[in-house]
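Chemist: What follows is a structure written as structure tokens; I'll ask about it next.
The values are calculated or read from the model by the stated rules, or taken from the named source; none is laboratory data. Owing to the predicted nature of the structure, the values given are computational and were not obtained by experimental measurement. Glycine also receives a Cβ, built like all others from the backbone with ideal geometry; neighbour counts cover every protein chain displayed.
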Amino acid sequence: MFQVFAFLFLAIGLRVTGAMPALESEVTIGGPFGSTTDAPKPPPFAIPDIPAVTPPIIEISDAITTDAVASTTGSPNVTVPAQAIAEAHVFPLLPKTIRAAGTPLVRLLVFVNESGSVSDAKVQASSGIATLDQLAIDWVKTHWRYRPALRGGIPYAVETTAVVAFVRA
């Protein structure tokens with residue numbers, strides 16, 4: 001405590017005259033109240049021998065089995081799901097007559113036929129503006145294309161979800 005006062009006096013420019021008393025301290029070992037006796041030392045820590053482990057050899061086949069099921073499309077027994085063709089997935093422009101905050105989004109349930117065209121679409125999550133919802137359905141049916149889903153190499157009609165985001169001009 002005396003050292004704290006001495007530091008404060010020196011910090012603010014006051015001088016301390018006289019000798020400072022010697023400080024004594026005692027180190028205790030043990031429980032909450034401690035003990036001044038020597039505490040027993042813990043046993044030395046030994047690192048156990050760990051046997052070497054050989055990683056398993058895994059063989060990966062390039063063949064796709066016809067039993068595989070693509071759960072993301074929502075239709076059972078699909079070997080290869082319908083795949084969106086990036087060049088054909090252009091988003092529609094937001095009509096200037098519609099004022100909307102942020103980027104309006106419409107989530108659709110899309111029905112993709114055997115040729116990869118969108119045969120039908122239904123609104124799963126609305127943008128909140130009925131005109132935009134219908135515009136999204138019409139746009140997807142007219143413009144979007146997919147690589148058709150395949151089951152055993154044969155094109156197959158499926159349903160999937162799609163999100164349509166309107167782009168501001």
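Chemist: Which condition does Val90 not pass, out of (1) at pLDDT 85 or above; (2) within 19 Å of Gln124 (Cβ to Cβ); (3) in a loop (DSSP other than H, G, I, E, B), if it passes all the others?
Modeler: Condition not satisfied by Val90: (2).
Chemist: Sticking with this structure for a sec: Just to be sure, is Ser115 under 23 Å from Tyr146 (Cβ atoms) and either assigned to a loop (DSSP other than H, G, I, E, B) or of a type in the set (Lys, Arg) (or both)?
Modeler: Yes.
Conditions (1) under 18 Å from Val167 (Cα atoms); (2) touching a Phe, Trp or Tyr at 6+ places or on another chain (Cβ under 6 Å); (3) loosely packed, with under 14 Cβ neighbours inside 10 Å, marked per residue:
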site: Ile85; (1), (2), (3): no, no, yes
site: Glu114; (1), (2), (3): no, no, no
site: Gln124; (1), (2), (3): no, no, yes
site: Thr142; (1), (2), (3): yes, no, yes
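Chemist: Of these, Arg99, Arg145, Arg107, which one is modelled with pLDDT under 90 and not aromatic (Phe, Trp, Tyr)?
Modeler: Matching residue, one of Arg99, Arg145, Arg107: Arg99.
Chemist: Which ones in the stretch 92-104 are surrounded by fewer than 17 Cβ atoms within 10 Å (Cβ to Cβ) and either charged (D, E, K, R) or under 15 Å from Ala162 (Cβ atoms) (or both)?
Modeler: Lys96, Arg99
Chemist: Can you name every residue in the stretch 156-169 that is surrounded by fewer than 20 Cβ atoms within 10 Å (Cβ to Cβ) and in contact with a helix residue (DSSP H, G or I) (Cβ under 8 Å, 6 or more places away or on another chain)?
Modeler: Glu159, Ala162
Chemist: Looking only at residues that are without any contact (Cβ under 8 Å) to a residue 60 or more places away in the chain, in contact with a helix residue (DSSP H, G or I) (Cβ under 7 Å, 6 or more places away or on another chain) and part of a strand (DSSP E or B) in the stretch 118-155, which one is nearest to Val80 (Cα to Cα)?
Modeler: Among residues in the stretch 118-155 that are without any contact (Cβ under 8 Å) to a residue 60 or more places away in the chain, in contact with a helix residue (DSSP H, G or I) (Cβ under 7 Å, 6 or more places away or on another chain) and part of a strand (DSSP E or B), the one nearest to Val80 (Cα to Cα) is Val118.
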